[in-house]
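Below you'll find the structure, written out as C-alpha coordinates, and then a few comments.
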Amino acid sequence: MWPGAGTCERAAEVNIPSCEVHVRGSVRSCAMENNSLLCTESLSVSRGQHDPVIFADQRVLDNLLAEEACTHIEHNYFQTLQKDLTPNMRSVVVGWMMEVCEELSCDQNVYPLAVRLLDLFLSKIPTQRCNLQLLGATCLHVASKLRSTQLISTETMVYYTDNSIKAAEMNKLELLLLVVLGWNVTPVTSSDFVEHILTRVPWSSEKKVLRQHAHVLAQLCCSNADPELVRLRPSAVACGALVAAARGLNIPSKDKVLAHVCHLTKTKEADVLYVVDRVEANVQEHQRTAAMQQQMAQQHQKLVASSSSSGNSSLALDIIIDENDDAEASKPITPTDIQDIYFD
(Lines give C-alpha, C1' and ligand atoms only; values in the text may rest on other atoms or scores of the structure.)
Protein backbone atom coordinates (compact mmCIF):
# COMPACT_ATOMS: atom_id res chain seq x y z
CA MET A 1 0.00 0.00 0.00
CA TRP A 2 1.15 3.52 -0.68
CA PRO A 3 2.60 5.03 2.50
CA GLY A 4 0.49 7.82 3.89
CA ALA A 5 -2.68 6.59 2.24
CA GLY A 6 -4.28 5.20 5.40
CA THR A 7 -7.37 7.35 4.95
CA CYS A 8 -7.89 5.91 1.49
CA GLU A 9 -7.72 2.21 2.34
CA ARG A 10 -11.30 1.59 1.33
CA ALA A 11 -10.82 3.49 -1.90
CA ALA A 12 -7.81 1.66 -3.27
CA GLU A 13 -4.92 -0.53 -2.31
CA VAL A 14 -1.89 -0.48 -4.56
CA ASN A 15 0.17 -3.50 -3.56
CA ILE A 16 3.50 -3.03 -5.29
CA PRO A 17 6.67 -4.70 -4.00
CA SER A 18 9.43 -2.47 -2.70
CA CYS A 19 12.18 -2.00 -5.26
CA GLU A 20 14.64 0.36 -6.81
CA VAL A 21 13.64 2.63 -9.68
CA HIS A 22 13.09 0.48 -12.77
CA VAL A 23 11.79 2.52 -15.68
CA ARG A 24 11.47 0.53 -18.85
CA GLY A 25 10.39 0.75 -22.45
CA SER A 26 11.47 3.18 -25.16
CA VAL A 27 9.05 5.60 -26.78
CA ARG A 28 10.82 5.51 -30.13
CA SER A 29 11.75 1.83 -30.04
CA CYS A 30 8.17 0.88 -29.20
CA ALA A 31 6.85 2.98 -32.06
CA MET A 32 9.27 1.47 -34.56
CA GLU A 33 9.16 -2.11 -33.24
CA ASN A 34 6.50 -3.11 -35.76
CA ASN A 35 7.45 -0.67 -38.49
CA SER A 36 5.95 -2.84 -41.21
CA LEU A 37 2.52 -2.43 -39.63
CA LEU A 38 2.90 1.25 -38.76
CA CYS A 39 0.03 3.43 -39.95
CA THR A 40 0.86 7.11 -40.35
CA GLU A 41 -2.68 8.28 -41.03
CA SER A 42 -4.44 10.36 -38.39
CA LEU A 43 -7.90 11.79 -37.96
CA SER A 44 -8.30 15.55 -37.93
CA VAL A 45 -9.66 17.00 -34.71
CA SER A 46 -12.45 19.56 -34.92
CA ARG A 47 -11.94 22.38 -32.44
CA GLY A 48 -14.17 25.20 -31.36
CA GLN A 49 -13.42 28.73 -32.43
CA HIS A 50 -12.06 31.43 -30.16
CA ASP A 51 -14.95 32.39 -27.88
CA PRO A 52 -14.85 36.05 -26.78
CA VAL A 53 -17.45 35.33 -24.11
CA ILE A 54 -14.86 33.23 -22.31
CA PHE A 55 -11.56 34.90 -23.13
CA ALA A 56 -12.68 38.54 -23.07
CA ASP A 57 -14.63 38.36 -19.81
CA GLN A 58 -12.58 39.61 -16.87
CA ARG A 59 -14.58 37.43 -14.49
CA VAL A 60 -13.16 34.28 -16.09
CA LEU A 61 -9.58 35.43 -15.50
CA ASP A 62 -10.44 36.42 -11.93
CA ASN A 63 -11.93 32.99 -11.31
CA LEU A 64 -8.79 31.31 -12.66
CA LEU A 65 -6.61 33.39 -10.34
CA ALA A 66 -8.83 32.49 -7.39
CA GLU A 67 -8.91 28.81 -8.35
CA GLU A 68 -5.13 28.46 -8.59
CA ALA A 69 -4.83 29.59 -4.99
CA CYS A 70 -6.86 26.56 -3.91
CA THR A 71 -4.38 24.10 -5.43
CA HIS A 72 -1.20 26.04 -4.69
CA ILE A 73 1.75 23.92 -3.49
CA GLU A 74 3.31 26.06 -0.79
CA HIS A 75 6.12 23.78 0.42
CA ASN A 76 8.99 21.90 -1.19
CA TYR A 77 7.70 18.35 -0.86
CA PHE A 78 11.14 16.91 -1.55
CA GLN A 79 12.30 18.33 1.78
CA THR A 80 9.17 17.85 3.86
CA LEU A 81 7.47 14.68 2.59
CA GLN A 82 9.28 12.74 -0.13
CA LYS A 83 12.24 11.02 1.52
CA ASP A 84 12.82 8.50 -1.29
CA LEU A 85 12.64 10.93 -4.23
CA THR A 86 14.82 13.73 -5.59
CA PRO A 87 14.09 16.54 -8.08
CA ASN A 88 16.19 14.78 -10.72
CA MET A 89 14.01 11.67 -10.45
CA ARG A 90 10.93 13.78 -11.07
CA SER A 91 12.64 15.49 -14.01
CA VAL A 92 13.43 12.13 -15.63
CA VAL A 93 9.86 10.87 -15.31
CA VAL A 94 8.17 14.07 -16.52
CA GLY A 95 10.62 14.13 -19.44
CA TRP A 96 9.43 10.66 -20.36
CA MET A 97 5.84 11.86 -20.04
CA MET A 98 6.59 14.69 -22.48
CA GLU A 99 8.02 12.27 -25.04
CA VAL A 100 4.95 10.07 -24.77
CA CYS A 101 2.73 13.11 -25.42
CA GLU A 102 4.84 14.09 -28.42
CA GLU A 103 4.76 10.56 -29.81
CA LEU A 104 0.97 10.36 -29.48
CA SER A 105 0.42 13.97 -30.70
CA CYS A 106 -1.58 14.82 -27.61
CA ASP A 107 -3.31 18.13 -27.08
CA GLN A 108 -0.97 20.79 -25.73
CA ASN A 109 -2.99 20.99 -22.49
CA VAL A 110 -2.62 17.29 -21.60
CA TYR A 111 1.01 17.36 -20.52
CA PRO A 112 0.80 20.42 -18.18
CA LEU A 113 -2.27 18.97 -16.48
CA ALA A 114 -0.63 15.55 -16.06
CA VAL A 115 2.45 17.11 -14.45
CA ARG A 116 0.26 19.24 -12.21
CA LEU A 117 -1.65 16.17 -11.02
CA LEU A 118 1.65 14.40 -10.34
CA ASP A 119 2.95 17.32 -8.26
CA LEU A 120 -0.28 17.62 -6.29
CA PHE A 121 -0.20 13.91 -5.46
CA LEU A 122 3.47 14.03 -4.45
CA SER A 123 2.73 17.00 -2.19
CA LYS A 124 0.24 14.89 -0.22
CA ILE A 125 1.33 11.23 -0.30
CA PRO A 126 4.84 9.78 0.31
CA THR A 127 5.82 7.78 -2.75
CA GLN A 128 8.51 5.18 -3.38
CA ARG A 129 10.85 5.70 -6.29
CA CYS A 130 9.82 2.43 -7.92
CA ASN A 131 6.24 3.74 -8.22
CA LEU A 132 7.09 7.11 -9.78
CA GLN A 133 6.73 6.04 -13.41
CA LEU A 134 3.47 4.27 -12.57
CA LEU A 135 2.21 7.54 -11.09
CA GLY A 136 3.30 9.49 -14.18
CA ALA A 137 1.54 7.04 -16.49
CA THR A 138 -1.63 7.25 -14.41
CA CYS A 139 -1.59 11.06 -14.45
CA LEU A 140 -1.23 11.06 -18.25
CA HIS A 141 -4.16 8.65 -18.51
CA VAL A 142 -6.37 10.87 -16.33
CA ALA A 143 -5.30 14.11 -18.03
CA SER A 144 -6.12 12.72 -21.47
CA LYS A 145 -9.67 12.05 -20.31
CA LEU A 146 -10.11 15.69 -19.33
CA ARG A 147 -8.16 17.69 -21.91
CA SER A 148 -8.15 15.60 -25.08
CA THR A 149 -10.61 14.01 -27.47
CA GLN A 150 -8.29 11.00 -27.80
CA LEU A 151 -7.91 8.88 -24.68
CA ILE A 152 -4.50 7.50 -23.72
CA SER A 153 -5.63 4.05 -22.63
CA THR A 154 -4.06 2.01 -19.87
CA GLU A 155 -2.92 -0.53 -22.46
CA THR A 156 -1.10 2.23 -24.33
CA MET A 157 0.70 3.37 -21.19
CA VAL A 158 1.67 -0.21 -20.35
CA TYR A 159 3.06 -0.54 -23.88
CA TYR A 160 5.19 2.61 -23.56
CA THR A 161 6.64 1.37 -20.27
CA ASP A 162 7.67 -1.92 -21.90
CA ASN A 163 5.19 -3.81 -19.69
CA SER A 164 6.97 -2.75 -16.51
CA ILE A 165 3.59 -1.79 -15.03
CA LYS A 166 0.20 -3.49 -15.14
CA ALA A 167 -3.17 -2.11 -16.16
CA ALA A 168 -4.66 -3.26 -12.86
CA GLU A 169 -2.06 -1.23 -10.96
CA MET A 170 -2.94 1.86 -12.98
CA ASN A 171 -6.64 1.40 -12.29
CA LYS A 172 -6.04 1.14 -8.54
CA LEU A 173 -3.72 4.12 -8.52
CA GLU A 174 -6.19 6.15 -10.58
CA LEU A 175 -8.83 5.64 -7.89
CA LEU A 176 -6.33 6.54 -5.19
CA LEU A 177 -5.35 9.69 -7.10
CA LEU A 178 -8.97 10.78 -7.32
CA VAL A 179 -9.57 10.24 -3.60
CA VAL A 180 -6.36 11.98 -2.52
CA LEU A 181 -7.16 15.04 -4.65
CA GLY A 182 -10.80 15.03 -3.58
CA TRP A 183 -11.88 14.43 -7.19
CA ASN A 184 -10.55 17.87 -8.07
CA VAL A 185 -8.57 16.70 -11.07
CA THR A 186 -8.93 19.88 -13.12
CA PRO A 187 -6.47 22.23 -11.41
CA VAL A 188 -5.45 25.40 -13.20
CA THR A 189 -2.26 25.09 -15.25
CA SER A 190 0.09 27.61 -16.81
CA SER A 191 -1.30 26.87 -20.28
CA ASP A 192 -4.74 28.00 -19.12
CA PHE A 193 -3.46 31.54 -18.58
CA VAL A 194 -1.59 32.00 -21.85
CA GLU A 195 -4.65 32.58 -24.03
CA HIS A 196 -6.36 34.83 -21.47
CA ILE A 197 -3.28 37.04 -21.18
CA LEU A 198 -2.72 37.29 -24.94
CA THR A 199 -6.35 38.29 -25.46
CA ARG A 200 -5.89 41.33 -23.21
CA VAL A 201 -2.56 42.74 -24.40
CA PRO A 202 -1.94 44.91 -27.50
CA TRP A 203 1.30 43.17 -28.50
CA SER A 204 -0.16 39.67 -28.96
CA SER A 205 -0.37 40.07 -32.76
CA GLU A 206 3.19 41.33 -33.29
CA LYS A 207 4.44 37.78 -33.82
CA LYS A 208 2.21 34.95 -35.03
CA VAL A 209 4.35 32.32 -33.32
CA LEU A 210 4.33 34.06 -29.94
CA ARG A 211 1.47 31.92 -28.66
CA GLN A 212 3.13 28.68 -29.75
CA HIS A 213 6.48 29.67 -28.23
CA ALA A 214 4.83 30.60 -24.94
CA HIS A 215 3.12 27.20 -24.69
CA VAL A 216 6.37 25.37 -25.45
CA LEU A 217 8.31 27.35 -22.83
CA ALA A 218 5.55 26.78 -20.27
CA GLN A 219 5.85 23.03 -20.88
CA LEU A 220 9.61 23.33 -20.54
CA CYS A 221 9.09 24.75 -17.06
CA CYS A 222 7.05 21.67 -16.14
CA SER A 223 9.98 19.38 -16.88
CA ASN A 224 12.53 21.53 -15.07
CA ALA A 225 14.25 19.91 -12.09
CA ASP A 226 14.13 23.12 -10.03
CA PRO A 227 11.66 22.52 -7.15
CA GLU A 228 11.08 26.27 -6.83
CA LEU A 229 9.20 26.26 -10.13
CA VAL A 230 6.77 23.74 -8.66
CA ARG A 231 6.01 26.12 -5.80
CA LEU A 232 5.30 29.07 -8.08
CA ARG A 233 1.72 29.65 -9.14
CA PRO A 234 0.76 28.67 -12.70
CA SER A 235 -0.01 32.31 -13.53
CA ALA A 236 3.59 33.28 -12.70
CA VAL A 237 4.92 30.46 -14.89
CA ALA A 238 2.67 31.57 -17.76
CA CYS A 239 3.85 35.17 -17.39
CA GLY A 240 7.47 34.07 -17.37
CA ALA A 241 6.95 31.96 -20.49
CA LEU A 242 5.35 34.91 -22.30
CA VAL A 243 8.15 37.30 -21.30
CA ALA A 244 10.81 34.80 -22.37
CA ALA A 245 9.02 34.18 -25.68
CA ALA A 246 8.71 37.92 -26.34
CA ARG A 247 12.40 38.45 -25.67
CA GLY A 248 13.44 35.45 -27.72
CA LEU A 249 11.36 36.57 -30.70
CA ASN A 250 12.49 40.18 -30.19
CA ILE A 251 9.04 41.68 -30.63
CA PRO A 252 8.88 45.51 -30.74
CA SER A 253 7.00 45.76 -27.42
CA LYS A 254 9.23 43.34 -25.51
CA ASP A 255 10.10 45.99 -22.90
CA LYS A 256 6.42 46.42 -22.00
CA VAL A 257 5.56 42.74 -21.68
CA LEU A 258 6.74 42.28 -18.09
CA ALA A 259 4.68 45.17 -16.74
CA HIS A 260 1.58 44.12 -18.67
CA VAL A 261 1.53 40.48 -17.59
CA CYS A 262 2.28 41.30 -13.95
CA HIS A 263 -0.55 43.83 -13.87
CA LEU A 264 -3.07 41.43 -15.43
CA THR A 265 -2.29 38.50 -13.14
CA LYS A 266 -1.31 40.45 -10.01
CA THR A 267 2.02 38.61 -9.97
CA LYS A 268 5.28 39.82 -8.45
CA GLU A 269 7.91 40.80 -10.98
CA ALA A 270 10.54 38.88 -9.01
CA ASP A 271 8.65 35.61 -9.52
CA VAL A 272 8.23 36.23 -13.24
CA LEU A 273 11.89 37.14 -13.71
CA TYR A 274 12.91 33.97 -11.85
CA VAL A 275 10.93 31.90 -14.35
CA VAL A 276 12.47 33.84 -17.24
CA ASP A 277 15.98 33.17 -15.96
CA ARG A 278 15.31 29.44 -15.62
CA VAL A 279 13.76 29.24 -19.09
CA GLU A 280 16.60 31.11 -20.77
CA ALA A 281 19.18 28.96 -18.97
CA ASN A 282 17.45 25.78 -20.17
CA VAL A 283 17.26 27.04 -23.76
CA GLN A 284 20.96 27.93 -23.76
CA GLU A 285 21.83 24.51 -22.37
CA HIS A 286 19.86 22.78 -25.12
CA GLN A 287 21.56 24.93 -27.75
CA ARG A 288 25.02 24.08 -26.41
CA THR A 289 24.19 20.38 -26.38
CA ALA A 290 22.90 20.50 -29.96
CA ALA A 291 26.01 22.40 -31.12
CA MET A 292 28.34 19.87 -29.48
CA GLN A 293 26.50 16.95 -31.06
CA GLN A 294 26.69 18.59 -34.49
CA GLN A 295 30.41 19.28 -34.08
CA MET A 296 31.10 15.68 -33.04
CA ALA A 297 29.16 14.38 -36.03
CA GLN A 298 31.19 16.54 -38.42
CA GLN A 299 34.46 15.33 -36.90
CA HIS A 300 33.42 11.70 -37.30
CA GLN A 301 32.49 12.29 -40.92
CA LYS A 302 35.94 13.73 -41.62
CA LEU A 303 37.63 10.79 -39.91
CA VAL A 304 35.58 8.27 -41.87
CA ALA A 305 36.37 10.05 -45.14
CA SER A 306 40.10 10.19 -44.41
CA SER A 307 40.26 6.55 -43.35
CA SER A 308 38.41 5.46 -46.48
CA SER A 309 40.85 7.31 -48.73
CA SER A 310 43.85 5.75 -46.98
CA GLY A 311 42.42 2.25 -47.39
CA ASN A 312 42.70 1.38 -43.70
CA SER A 313 39.65 -0.84 -43.43
CA SER A 314 40.14 -1.78 -39.79
CA LEU A 315 40.39 1.85 -38.71
CA ALA A 316 37.33 2.73 -40.75
CA LEU A 317 35.37 -0.08 -39.10
CA ASP A 318 36.31 1.16 -35.63
CA ILE A 319 35.29 4.70 -36.52
CA ILE A 320 31.96 3.55 -37.94
CA ILE A 321 31.25 1.58 -34.77
CA ASP A 322 32.09 4.62 -32.63
CA GLU A 323 29.90 6.79 -34.84
CA ASN A 324 26.96 4.44 -34.34
CA ASP A 325 27.49 4.52 -30.60
CA ASP A 326 27.52 8.33 -30.62
CA ALA A 327 24.38 8.37 -32.74
CA GLU A 328 22.62 6.22 -30.17
CA ALA A 329 23.87 8.48 -27.38
CA SER A 330 22.63 11.60 -29.18
CA LYS A 331 19.03 10.38 -29.16
CA PRO A 332 16.69 12.14 -26.72
CA ILE A 333 17.19 10.64 -23.29
CA THR A 334 14.09 9.22 -21.66
CA PRO A 335 13.81 7.08 -18.57
CA THR A 336 12.66 4.21 -20.78
CA ASP A 337 15.89 4.10 -22.79
CA ILE A 338 17.60 2.35 -19.86
CA GLN A 339 16.56 -1.02 -18.51
CA ASP A 340 17.56 -0.42 -14.90
CA ILE A 341 18.07 2.97 -13.29
CA TYR A 342 19.29 3.25 -9.73
CA PHE A 343 19.03 6.69 -8.22
CA ASP A 344 21.36 7.38 -5.31
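Note on the stretch 153-177: residues that are outside any helix (DSSP H, G or I) and among the aliphatic types (A, V, I, L, M) amount to 1.
The set of residues from the stretch 96-127 being of a type outside the set (A, V, I, L, M) and closer than 12 Å to PHE78 by Cα comprises ASP119, SER123, LYS124, PRO126, THR127. Among the residues that make up the stretch 158-169, is at least one of them at pLDDT 95 or above, of a type in the set (A, V, I, L, M) and surrounded by 22 or more Cβ atoms within 10 Å (Cβ to Cβ)? No, every residue in the stretch 158-169 fails to be at pLDDT 95 or above, of a type in the set (A, V, I, L, M) and surrounded by 22 or more Cβ atoms within 10 Å (Cβ to Cβ).
Which helices (runs of 4 or more DSSP H) does the stretch 8-101 wholly contain that include 2 or more residues that are under 19 Å from the mean Cα position of the chain (by Cα), among the aromatic types (Phe, Trp, Tyr) and modelled with pLDDT of 90 or more?
Answer list for the stretch 8-101: 77-80.
When the test is whether a residue is among the acidic types (Asp, Glu) and more than 24 Å from HIS72 (Cβ to Cβ), ASP255 passes it.
Taking the stretch 113-143 on its own, how many of its residues are in contact with an Asp or Glu (Cβ under 8 Å, 6 or more places away or on another chain) and under 21 Å from ALA218 (Cβ atoms)?
1
Applying the criterion of being of a type outside the set (A, V, I, L, M, F, W, C), farther than 19 Å from LEU117 by Cβ and out of contact with any Lys or Arg (no Cβ under 7 Å at 6 or more places or on another chain) to the residues of the stretch 208-249, the residue that is surrounded by the fewest Cβ atoms within 10 Å (Cβ to Cβ) is LYS208. Out of curiosity, is ALA225 in a helix (DSSP H, G or I), closer than 18 Å to ALA241 by Cβ, of a type in the set (Gly, Ala, Ser) and in the same structural domain as PRO252 (by TED's automatic domain parsing)? So ALA225 does not fit the description; no.
Of all the listed residues (LEU146, LEU135), the sole one being assigned to a helix (DSSP H, G or I), in the same structural domain as MET170 (by TED's automatic domain parsing), without any contact (Cβ under 8 Å) to a residue 60 or more places away in the chain and over 27 Å from ARG47 (Cα atoms) is LEU135.
If you go through the stretch 239-255 one residue at a time, do you hit one that is of a type in the set (Asp, Glu) and within 26 Å of THR80 (Cα to Cα)?
no
The residues of the stretch 272-304 that are within 19 Å of SER190 (Cβ to Cβ) and of a type in the set (D, E, K, R), listed by number, are ASP277, ARG278, GLU280.
The values are calculated or read from the model by the stated rules, or taken from the named source; none is laboratory data. Since the model is a prediction, treat every value here as computed from it, not as a measurement. We place every Cβ from the backbone using ideal geometry, glycine too, and count neighbours over all the protein chains shown.
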